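Worksheet: one structure, shown below.
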2 protein chains.
Amino acid sequence: MDATDQRILEMLQQNSRMTSSEISKTIHLSVPAVAERIRKLESSGVIDRFTVKLNRHTLGQHCLAYIFVVIQGNEETHQFRTKIIESEYVLECHHTAGEYDYLLKVSLPDIQSLEQFITETLKNKHSVTRTNTVFILSTLKDE
Amino acid sequence: MDATDQRILEMLQQNSRMTSSEISKTIHLSVPAVAERIRKLESSGVIDRFTVKLNRHTLGQHCLAYIFVVIQGNEETHQFRTKIIESEYVLECHHTAGEYDYLLKVSLPDIQSLEQFITETLKNKHSVTRTNTVFILSTLKDE
DNA sequence: GATGAAACACTGTGATT
DNA sequence: AATCACAGTGTTTCATC
């Protein structure tokens, strides 16, 4: 990973569909050399995957929140993890140190569906004994 | 946004460098039709941008944490926002409702640099009166 | 949306440093 | 090992229907 790789990564972060020939024009490297570097960044694991960042608001998801969760029981935790990972509303799920066990980042259409998510998906079906929801008013930076 | 657009989005989320001709083979649509749909998904704002998901661990960033922040003063808040957005360690910054003012998602090489970040970038230079750091032990889901 | 032609980009090879 | 140039192949774009 040298400075050239860094520049390539920065360009791909801005637009992952940028072609090798476009990149080769700004970094003064031949097209095969650029393509080869991108392949190596991917196979070495520096690049996890090429993806697309969707706009939540355009998709009607106006409610963004973080939910801290306390969960009890081994079997219940396993069920919880499966359900959570499958849920389309859960963007992220982290196992945390400290007061709570898990931290979820959820994106939903509105507060009604958030309430429904907390009562039905979280509190009802699993041994979630406590939650703490932090609403996001606005986002200044997102990767 | 019909079902075909949905399928295209799903494919691009898996691999944003997938070519229109590859996509056209699985959804039975001509190449120009696929390219046109992708352009429209982008210009309509459904697609925010094509990007690349990097592997934090491969890049030596072994410490992931969320930091809640309380900040006082108008001028200080402005400075804080500028500094935070510029910081390479800050992946996300959200304005939150409730007990704290901001929530940062930070990725750093180790705990030492996290301590340095909190004391130098956060507490020293700005009127950050209180912070609360939540460590991430592991990540189950990330978009 | 589809088709076909022209423009463009990618891959593989061999040669170079 | 990394890079380049070239040729062959595949992909995109732009017109037209």
For this session: For segment B:62-143, with all protein chains present and a 1.4 Å probe, just round the carbon and sulfur fraction of the accessible area to a whole percent.
Result: 44
Seminar exercise, completed: Along segment B:46-62, Karplus-curve 3J(HN,Hα) (6.51, -1.76, 1.60; θ = phi - 60°) to the nearest Hz, with x for Gly and Pro, reads 5, 8, 6, 6, 8, 9, 10, 8, 8, 8, 4, 5, 4, 8, x, 9, 9
Seminar exercise, completed: On protein heavy atoms with a 1.4 Å probe, the accessible surface that disappears when B meets A, both sides summed and given to 100 Å², is 5100
Seminar exercise, completed: Here the FRET efficiency for B:Ala33 versus B:Gln116, based on Cβ atoms and R0 = 35 Å and rounded to 0.05, is 0.10
For this session: Please list the helices of chain B that count as membrane-span-like by this rule: a mean Kyte-Doolittle hydropathy of at least -0.5 together with Cα atoms stretching 15 Å or more along the helix axis, each helix being a complete DSSP H run.
Result: B:31-43
Exercise. Count the lysine pairs in chain A that are 8 or more places apart or on different chains: how many have C-alpha atoms under 28 angstrom apart?
Worked result: 12
Exercise. So which residues of segment A:108-134 lose at least 40 Å² of accessible area, probe 1.4 Å, when you go from the chain by itself to every protein chain present?
Worked result: A:Val134
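When the dipole is taken about the Cα centre of chain A, and only Lys, Arg (+1) and Asp, Glu (-1) are charged at their Cβ, what size is it in debye, to the nearest 20?
Numbers: 16 positive and 19 negative charges, 62 e Å.
Rounded to the nearest 20 debye, it is 300 debye.
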For this session: Filter the GluC sites (Glu not before Pro) in segment A:34-130 to those in DSSP coil with at most 10 other Cβ atoms within 10 Å of their Cβ, and list the result.
Result: A:Glu88
Problem set entry | Total charge dipole magnitude, the protein assembly as shown, about the Cα centre, Cβ charges on Lys, Arg, Asp, Glu only, Debye to nearest 20 | 540
For this session: Please quote Rg/Rh for the protein assembly as shown to two decimal places, taking the Kirkwood radius as Rh and restricting both calculations to Cα atoms.
Result: 0.99
Seminar exercise, completed: For the protein assembly as shown, the per residue accessible area (1.4 Å probe, Å²) is 52
For this session: On a C-alpha basis, how far is the centre of segment B:107-143 from the centre of segment B:83-106 in Å? Whole number, if you could?
Result: 10
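The values are calculated or read from the model by the stated rules, or taken from the named source; none is laboratory data. Quantities reported herein were computed from a predicted structural model and do not represent experimental measurements. For neighbour counting, all protein chains shown are included, and Cβ atoms are generated from backbone atoms with ideal geometry for every residue, glycine included. For the accessible areas, the whole protein counts, side chains as well, though only heavy atoms, and no ligand, DNA or RNA atoms are used. Shrake-Rupley method; radii C 1.70, N 1.55, O 1.52, S 1.80 Å.
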